[in-house]
Amino acid sequence: MNDLVAPAVPIRSLDARFYTDPEVFKVEQKGLLARTWQFAGHASMVEKPGDYFTFSIAGENLFCIRGRDGELRGFYNVCQHRAHELVSGEGNARLLVCPYHAWSYELTGELRSGPNIKSVAGLNRSEICLEPVKLENFHGFIFANLDANAKPMDEWFPQVREELAGFVPHIDRLKPLEWVEIPEACNWKVTVENYSECYHCSLNHPTFASGVIKPQTYDIQPQGHCLRHTTQCANLDRMSYAIDLESNPHAGDYSSWFLWPMFSFQVYPGNILNTYHWRAVDADHVVVWRGWYTIDGVDSDVVRRLAIQDRATTVEEDIHLVESVQRGMKSRGYKPGPLVLDPKCGLNSEHSVLTLQRWMREVSDG
């Protein structure tokens, strides 16, 4: 654990406008959300050449497709002729054919043909190509960044790739078992802050605080633009499923890696991987995708039961908290209070929120 230098005067939380003002959200969409690594989908969705799926980032309609060469590519979902969307949902295509005028593109994004385009004087097909989007495959999790000059994820989130492989040795064999879509009536930063501190856990999450973690050992520290959650676990004999502690060094551990700004890998004892993915809708609404994974996507009663328990306890408990906070942010009676910054960090400290709010200020004020 890293010790925190205590500030001379209280540091207050962000002003309410950061969470309620539609203009702030517009600034975030044009800047932050367009220049950071955002989760797009899982590699199991595009296993065969021609497999594709659509997704959105910062209000942009995009798609990911696997080429005949096996490479994953991302593109803006827009025909370069008259701007019609090329694909919808997910599927498989030998060519990308625009439904409007049947202009077709190779899976590499290059223009192949179009009705009567030979009649266009001076047309050079090689100059017409779908606009690419930067992608990275992070242990099967596909992330996209609209910034063509974005630094690699390993620079944004140092050591995370290696640590995940240590905590989930089979991570590259995982496929989604289920994704649960959870709408929340709050700003995305409210729910991200809630996830990124455990100051509220003992009071509001009795199952998590007594059945998974040892609160006195819980801490959250920055690791690049990652917030790394670490803890010793509660009595593993009380877990609702069997754990083979001899299977690997981290079989009995819990840990979490929050990747700024809206994704988290979370590992429960038994090397069970689950994820959070926040999708900002507007200043007052966000959708949380809760993901659970198994080797080859094989059904698992253990993971199913754990997902149900999680949804009924921690997730449901947090929905009420964050929606209440969003309502309170709009109250005339609210003035930002001081963050609780314990120099020793730990569970009863909001040092991780301080880090988040610094990142938020950098974007919104810049």
Problem set entry | Set LYS134/LYS189; LYS26/LYS189; LYS214/LYS344; LYS189/LYS330; LYS26/LYS330; LYS189/LYS344 screened for pairs whose C-alpha atoms are more than 21 Å apart | LYS134/LYS189; LYS189/LYS344
Seminar exercise, completed: Honestly the range 180-234 on the Cα gyration tensor test (a ≥ b ≥ c root eigenvalues; a/c under 1.5 rounded, otherwise a/b vs b/c for prolate or oblate) is just oblate
Exercise. What label, among (1) 33, 23, 20; (2) 27, 22, 21; (3) 39, 26, 17, belongs to semi-axes √(5λ) of the Cα gyration tensor in Å computed from the structure on display?
Worked result: (3)
For this session: Take the alpha carbon gyration tensor of the range 57-194, find the square roots of its eigenvalues, order them as a ≥ b ≥ c, and report rounded if a/c is under 1.5; if not, report prolate when a/b exceeds b/c, else oblate.
Result: prolate
For this session: Starting with the highest mean, order 193-199, 40-46 by the number of other Cβ atoms within 10 Å, averaged over the residues of each peptide.
Result: 193-199, 40-46
Problem set entry | Prolate/oblate/rounded call for the range 188-267, Cα gyration tensor, a/c under 1.5 rounded | oblate
Exercise. So what is the accessible area of the range 198-316 per residue, in Å², with the probe set to 1.4 Å?
Worked result: 40 Å²
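Students often check this: by mean Cβ neighbours within 10 Å, which of 251-263, 319-331 ranks highest, and how do the rest follow?
On the way: 251-263: 21.8, 319-331: 15.5.
Output ranking for 251-263, 319-331: 251-263, 319-331.
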For this session: Calculate what fraction, in whole %, of the accessible area of the chain sits on carbon and sulfur atoms when a 1.4 Å probe is rolled over the protein chains.
Result: 49 percent
Exercise. By per-residue mean of other Cβ atoms within 10 Å, what is the highest-first order of 86-96, 56-66?
Worked result: 56-66, 86-96
Problem set entry | aspartates and glutamates with Cα under 14 Å of LYS48, excluding same-chain neighbours fewer than 8 positions away | ASP69, GLU71, GLU90
Seminar exercise, completed: Asserting the computed 222 nm helical MRE of the chain (DSSP H runs at least 4 long, -39500 (n - 2.57) per run, divided by residue count, to nearest 500) equals -6000 deg cm²/dmol
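The values are calculated or read from the model by the stated rules, or taken from the named source; none is laboratory data. Because the structure is predicted, anything quoted here is derived from the model rather than measured. We place every Cβ from the backbone using ideal geometry, glycine too, and count neighbours over all the protein chains shown. Remember, those area values only see protein heavy atoms, side chains included, never the ligands or the DNA or RNA. Shrake-Rupley method; radii C 1.70, N 1.55, O 1.52, S 1.80 Å.
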